[in-house]
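Just so it is clear, none of the values below were taken in a lab; they were calculated from the coordinates. Treat the numbers as computed from the prediction; the structure is a model and nothing was measured. Cβ atoms come from the backbone with ideal geometry, glycine included; neighbour counts cover every protein chain shown.
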Amino acid sequence: MNIFNRYRNIIEKSVKDLSAAGALPAGLDVSRLTVEPPRDPAHGDVSTNAAMVLAKPAAMKPRELAELIAQRLREAEEIDAVEVAGPGFINLRLAESVWHQCLEAAIGLGSSYGDSDHGGGRQVNVEYVSANPTGPLHIGHARGTVFGDVLASLLEKAGYAVTREYYVNDAGAQVDSLARSAYLRYREALGREIGEIPEGLYPGEYLKPIGRELADMKGDKWLDAPETDWLAEIRTFTVESMMALIREDLAALGVHHDVFTSERELVESGMVDEVFKTLDAEGHIYTGTLEPPKGKTPEDWEPRPQTLFRATEFGDDVDRPLKKSDGSWTYFASDIANHLDKFRRGFADMIDVWGADHAGYVKRMQAAVNAISGGDGALDVKICQLVRLTDRGQPVKMSKRGGSFVTLRELVDEVGPDIVRFHMLTRTNDAQMDFDLSAVVEGGKDNPVWYVQYASARCHSVRRMAAATFPNHDMSLSALARAPISCLTDEAELGLIKSIAGWPRAIEAAADAHEPHRIAFFLYDMAALFHTLWTKGKEDPSLKFVIEEDEELTMARQALVRGVETVIASGLGIFGIEPVEEMR
RNA sequence: GCGCCCGUAGCUCAGCCGGAUAGAGCACAGGAUUCCUAAUCCUGGGGUCGCAGGUUCGAAUCCUGCCGGGCGCGCCA
């Protein structure tokens, strides 16, 4: 339960009551009204801009209106003080009992604390990774992979029905090159001299086992056969093998998709033709010639009539080609089919997670979704900017030969999945970031994962200490929910409780914005509050979590500690990370 | 040339669909440890929020134009 929603209701009701009483006009629009914690805690617990937003339509001065609303609010229960401040803010100071109830509710819920029905069970499709099945995942895929997976978890937590999807680009020319590369390895496995892998094919070592498998299965059947004999079969086999490899890499990172959609199947099923016919029937397709891009004309540019989608009618900058010169579909054409397929499967809300190099593709895809869904589908594209891999501040060379980090798997093996998963989200997705191999595994408060885990470890340490001091006391969550938490009145204690109480709101806000990194910052901030309270107990022994002479107070503080634990576990759960009980 | 992203303290970055004196970490200076993990905590200095306009009760946040950096720009995916 997001506590700020409760006060939003109370404030809106006050406004309605004033309207009913004739003090304000009827039917005021409250959609721009905000109810949130003020930036400065000295201003109170809850702040609203109601008076400033409604002043104009009510034809009143903001502060006068604020005072009118404030008078109503003063009659509400569990509000200790109502102040009008600044240009017309109304600040509420809540009774301590409100916060105590929040803590009680949090530990009562345990790991499900923060779960929300905010999304109302609406279906959301999150498509991420979608790397070409031409080799193992590399470092450049790491950020989008983690981002998509954690965003999906976040949306689930916020009450959406989420499907994790991977679009397999198994139809274009690249998978033909892949098949030819595998064929060379097949010949190699049978003792033929293949020399250097030609330009345009895939030279990676990972295709050697594929070649051997093909040799084992087929013998010399294709050794001197023409391409038409083997291409399709080797392509299918190799793509499947690559997808198996990619799934293993993803599993090592803790990532599992629900649906893998094949581009080839979309094409073969006629979905792309259908998209074309539909768009054509609605007049969104024509044959025309595009202008060459200014400033960077390709060397082999020649004007050529193409089959174009009128993307400009839906907000794009230029119209986009649907067919290649050989008559086959462009990637864009089949990706439209992909999104139509998703839309038809019930996903009006779609999210795609792409790398920065695909940013120029966003508008056309959104235009297409608009066109094929009649405006009923919404596509949000989250672009993950580049990650620069460093080690002690020095850039790590990504050469394929040097044995340095090239693959996602190597990164995961080096620093562990938890660190990759958390650290990739310590920055907004649309800003570039550095990932420093040595810094991310070091302890210290500048390492967010470590700092949050340290708070978790301290929670468990206190828990162990309390159990040793009061061995006969029931400290189960249900017992602690009945602890006398009203005796937690120190400012630092209340601050921590308020942070715990703010967790559901943080989930909803992060989910609405499609910004999982906010969860990382929330956890870091709460860990800081906890570490501060810990140290206060060192300076003032009466604030220690375990007080030998006061069993009741100790239980109340155990409840607080379990509240912190609950939020950390709940939050790390979104990242797919287990909280630690000890630092070793 | 065009599009997208970024520009906030010396450095790395937050800033919640506009809100009240702009926040953290690192670095720097000082301080807290017979006491639940000091890998922590506290105090301090340090900012024309790239620049210039605009929108309004109010702008780091929204709009426009510049400047600087990154990514991308027909028949690749």
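Could you give the length gained by full extension between A:Thr535 and A:Arg392, i.e. 0.36 nm per residue of separation minus their alpha carbon distance, to one decimal place? Please list the in-between numbers first.
Numbers: separation 143, 0.36 × 143 = 51.48 nm, distance 3.11 nm.
Result for the pair: 48.4 nm of gain on full extension.
Could you give the length gained on full extension between A:Glu193 and A:Ser328, defined as 0.36 nm per residue of separation minus the Cα-Cα distance, in nm?
Residue separation times 0.36 nm, minus the Cα-Cα distance, leaves 45.2 nm.
For helix A:227-252, report the angle its Cα long axis makes with the longest principal axis of the Cα atoms of chain A; keep it between 0 and 90° and round to the nearest 10°.
Its long axis makes an angle of about 20 degrees.
Can you show me the helix-derived [θ] at 222 nm for chain A, built from DSSP H runs with n ≥ 4 at -39,500 (n - 2.57) apiece and divided by the number of residues, rounded to the nearest 500. Before the final figure, lay out each step's value.
Details: 20 runs with 277 residues, N = 584.
Mean residue ellipticity, 222 nm, calculated: -15500 deg cm²/dmol.
In nm, to one decimal, how far is the modelled label at A:Leu477 from the one at A:Ser542, with both set 7 Å along Cα→Cβ?
3.3
Taking R0 as 30 Å, what's the FRET efficiency between A:Glu240 and A:Gln123 from their Cβ-Cβ distance, rounded to 0.05?
The calculated FRET efficiency here is 0.55.
Taking the alpha-carbon centroid of each part, what is the distance from segment A:485-523 to segment A:6-34 in angstrom?
A separation of 27 Å, based on Cα centres.
Of A:Lys324/A:Lys363; A:Lys157/A:Lys445; A:Lys16/A:Lys56; A:Lys157/A:Lys382; A:Lys61/A:Lys498, which pairs sit farther than 22 Å apart, going by alpha carbon to alpha carbon?
In this structure, A:Lys157/A:Lys445; A:Lys61/A:Lys498 lie more than 22 Å apart at Cα.
For segment A:3-94, what value does the Rg/Rh ratio take when both radii are computed over Cα atoms and Rh is the Kirkwood radius, given to two decimals?
Ratio of gyration radius to Kirkwood radius: 0.92.
Which of the aspartates and glutamates could be linked to A:Lys221 by a straight reach, that is with a Cα gap under 13 Å, when you skip same-chain ones fewer than 8 residues away?
Partners found: A:Asp229, A:Glu233.
Can you tell me what share of the DSSP beta bridges in chain A is antiparallel? A percent to the nearest 5 is fine.
Numbers: 22 of 46 bridges.
Looking only at bridges with both residues in chain A, the antiparallel portion is about 50 percent.
What is the distance in Å between the Cα centroid of segment A:38-58 and that of segment A:283-307?
When both Cα centres are located, 54 Å separates them.
For each of A:Met555, A:Met242, count neighbouring Cβ atoms within 10 Å of the residue's Cβ, then give the residues from fewest to most.
Final ranking by Cβ density, sparse to dense: A:Met555, A:Met242.
Taking the DSSP beta bridges in segment A:270-387 as the whole, what percent of them are antiparallel, to the nearest 5? Don't skip to the end; give the middle numbers.
Details: 8 of 15 bridges.
Here the antiparallel bridges make up roughly 55 percent for segment A:270-387.
Can you tell me the order of A:219-229, A:504-514 when each peptide is scored by its average per-residue count of other Cβ atoms within 10 angstrom, highest first?
Working: A:219-229: 12.0, A:504-514: 20.4.
Per-residue Cβ counts within 10 Å, averaged per peptide and sorted highest first, yield A:504-514, A:219-229.
Just to confirm the number: angle between the C-alpha axis of helix A:208-218 and the first principal axis of chain A, 0 to 90 degrees, nearest 10?
60
Restrict the search to segment A:511-584; then list the GluC sites (Glu not before Pro) that DSSP places in a loop and that have at most 13 other Cβ atoms within 10 Å of their Cβ. Mind showing how you got there, number by number?
On the way: sites: A:Glu539, A:Glu548, A:Glu549, A:Glu551, A:Glu552, A:Glu565, A:Glu581, A:Glu582; in loops: A:Glu548, A:Glu549, A:Glu581, A:Glu582.
Answer by residue number: A:Glu548, A:Glu549, A:Glu582.
How far is helix A:448-469 tilted off the main Cα axis of chain A, in degrees rounded to 10, range 0 to 90?
50
Shape of segment A:444-575 from its Cα gyration tensor (a ≥ b ≥ c, root eigenvalues): rounded if a/c is under 1.5, otherwise prolate when a/b > b/c, or oblate?
The shape class here is prolate.
Would you mind computing, in nm to one decimal, how far apart the modelled labels at A:Thr426 and A:Ala378 are, each placed 7 Å from Cα along Cα→Cβ?
Here the modelled spin labels are 3.2 nm apart.
Using a 10 Å cut-off on Cβ atoms, rank the peptides A:369-379, A:322-332 from the highest mean neighbour count down.
So the order, starting with the most tightly packed, is A:369-379, A:322-332.
Can you put A:Thr566, A:Thr48 in order, fewest other beta carbons within 10 Å first? Write out the running numbers ahead of the final one.
On the way: A:Thr566 24, A:Thr48 27.
Ascending number of Cβ neighbours within 10 Å: A:Thr566, A:Thr48.
Modelled label-to-label distance, A:Ala85 and A:Leu223, 7 Å Cα→beta-carbon offset: nm?
Spacing of the two 7 Å Cα→Cβ label points: 8.5 nm.
So for segment A:3-94, averaging the separation of alpha carbon pairs under 8 Å that are six or more residues apart and normalising by length, what relative contact order in percent results?
Averaging sequence separation for qualifying contacts and normalising by length gives 26 percent for segment A:3-94.
What shape does chain A have by the C-alpha gyration tensor, where a ≥ b ≥ c are the square roots of the eigenvalues, rounded means a/c under 1.5, and otherwise prolate means a/b greater than b/c and oblate the rest?
oblate
Report the full-extension gain for the segment A:Glu442 to A:Thr469: residue separation times 0.36 nm, less the Cα-Cα distance, to one decimal in nm.
6.4 nm
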